[in-house]
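Comments concern the structure below.
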2 protein chains.
Amino acid sequence: MASNAFGIQIDSASVARGVSRLFLRNQIMVQPEVSLRNNRRADLMGINAKGEIIIVEIKVSRADLLGDQKWPEYLDYCDRFFWAVPAGFDFSPIDGEAFLPDRTGLIVADAYDAEIIRSASLVPLAAARRKVEMQRLARLAMRRLMGIADPDPSLAGIIAE
Amino acid sequence: MASNAFGIQIDSASVARGVSRLFLRNQIMVQPEVSLRNNRRADLMGINAKGEIIIVEIKVSRADLLGDQKWPEYLDYCDRFFWAVPAGFDFSPIDGEAFLPDRTGLIVADAYDAEIIRSASLVPLAAARRKVEMQRLARLAMRRLMGIADPDPSLAGIIAE
């Protein structure tokens with residue numbers, strides 16, 4: 001976990017909040033913790049104003065960043081992919097070829113805001129796959145809202161899809 | 001507003017909750033109060049497991065049911081359309097030709113559950129329109145979740161789309 005200039009540790013949830021604020025101002029709607037059909041789980045996943053699917057992978061520890069061999073699997077489920085790290089995090093590894101700097105974007109965040117350091121290239125999904133992911137995102141977000149609106153325990157086991 | 005057998009008035013929000021429980025058990029994910037591009041607002045709108053767009057119009061007063069001349073405009077934005085009324089409501093007008101019984105379904109609800117009295121026919125939207133509505137539903141639901149997760153007042157004015 002990274003620390004900011006004041007020595008305060010910044011966790012993944014705080015990074016997610018900062019990124020979400022940046023995204024909201026830029027008409028990118030996302031939700032946290034989205035399971036993919038490949039058994040990976042996206043930290044943030046959503047849809048920008050153009051209808052492109054966005055995935056953000058949050059890294060708050062160097063070991064987790066350098067040890068993740070499977071992250072390219074996310075690329076099969078989004079049109080644009082971003083790394084997000086806390087302010088103060090040494091993100092120099094993300095400039096390396098292994099992290100596909102021509103393909104992946106980079107966001108630096110704290111709990112209150114975030115900034116895009118490197119934009120993410122558009123590598124369009126096949127239209128059929130984008131349609132499936134759009135529908136999954138819609139149903140998952142509505143399922144979550146339904147659970148908030150009516151926390152009936154007998155409904156708790158029902159998941160979207 | 002209708003009253004149930006115990007003389008308790010049932011409001012639109014209670015009907016929405018009953019319908020939502022029925023839908024959740026049947027893998028239909030919806031959200032309330034969805035503005036359409038024709039300036040109408042759907043009481044409930046969502047997506048079933050087959051990816052069909054569902055709209056539900058709730059009526060709790062006979063005057064509102066009989067006085068609504070514009071409801072057919074909803075049909076342009078869904079694959080299946082349901083009326084929903086409270087238990088005890090006289091829904092005999094909905095059997096009349098003006099309410100398109102071959103096209104529209106009917107749900108009777110209380111605050112705790114609901115039952116489909118008449119199923120809704122599938123009249124498929126054009127694929128391009130369904131795609132737009134799917135994206136709008138996804139972005140609206142994620143926007144609502146973002147507002148719940150982070151009620152920062154400076155973000156309150158941002159709406160999906």
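The values are calculated or read from the model by the stated rules, or taken from the named source; none is laboratory data. If you're wondering where the values come from, they're calculated on a predicted model, not measured in any experiment. Here Cβ is always computed from backbone atoms with ideal geometry, including for glycine, and neighbour counts include all displayed protein chains.
Couple of notes before you dig in:
- Members of segment A:29-44 that are facing chain B (nearest Cβ under 9 Å) and either touching a Phe, Trp or Tyr at 6+ places or on another chain (Cβ under 8 Å) or surrounded by fewer than 16 Cβ atoms within 10 Å (Cβ to Cβ) (or both): A:Met29, A:Val30
- Residues in segment A:121-161 that are at pLDDT below 95 and closer than 22 Å to A:Asn38 by Cα: A:Gly157, A:Ile158, A:Ile159, A:Ala160, A:Glu161.
- Segment B:63-77, residues that are free of Cβ contacts under 8 Å to residues at least 24 places away in the same chain and either buried (at least 16 other Cβ atoms within 10 Å of the Cβ) or within 14 Å of chain A (Cβ to nearest Cβ) (or both): B:Trp71
- For segment B:21-57, a tally of residues being of a type in the set (A, V, I, L, M) and in a loop (DSSP other than H, G, I, E, B) returns 3.
- Remark: pairs (first residue in segment A:84-97, farther than 21 Å from A:Arg21 by Cβ; second residue aliphatic (A, V, I, L, M) and part of a strand (DSSP E or B); Cβ separation under 6 Å; 6+ apart in sequence or on different chains) = A:Ile94/A:Leu106.
- Scan of segment A:116-154 for residues that are basic (Lys, Arg), at the interface with chain B (Cβ under 7 Å from one of its Cβ atoms) and touching a residue at least 24 places away in the same chain (Cβ under 8 Å), ordered by number: A:Arg144
- From the options A:Val85, A:Val60, residue that is more than 14 Å from chain B (Cβ to nearest Cβ), assigned to a loop (DSSP other than H, G, I, E, B), of a type in the set (A, V, I, L, M, F, W, C) and surrounded by 17 or more Cβ atoms within 10 Å (Cβ to Cβ): A:Val60
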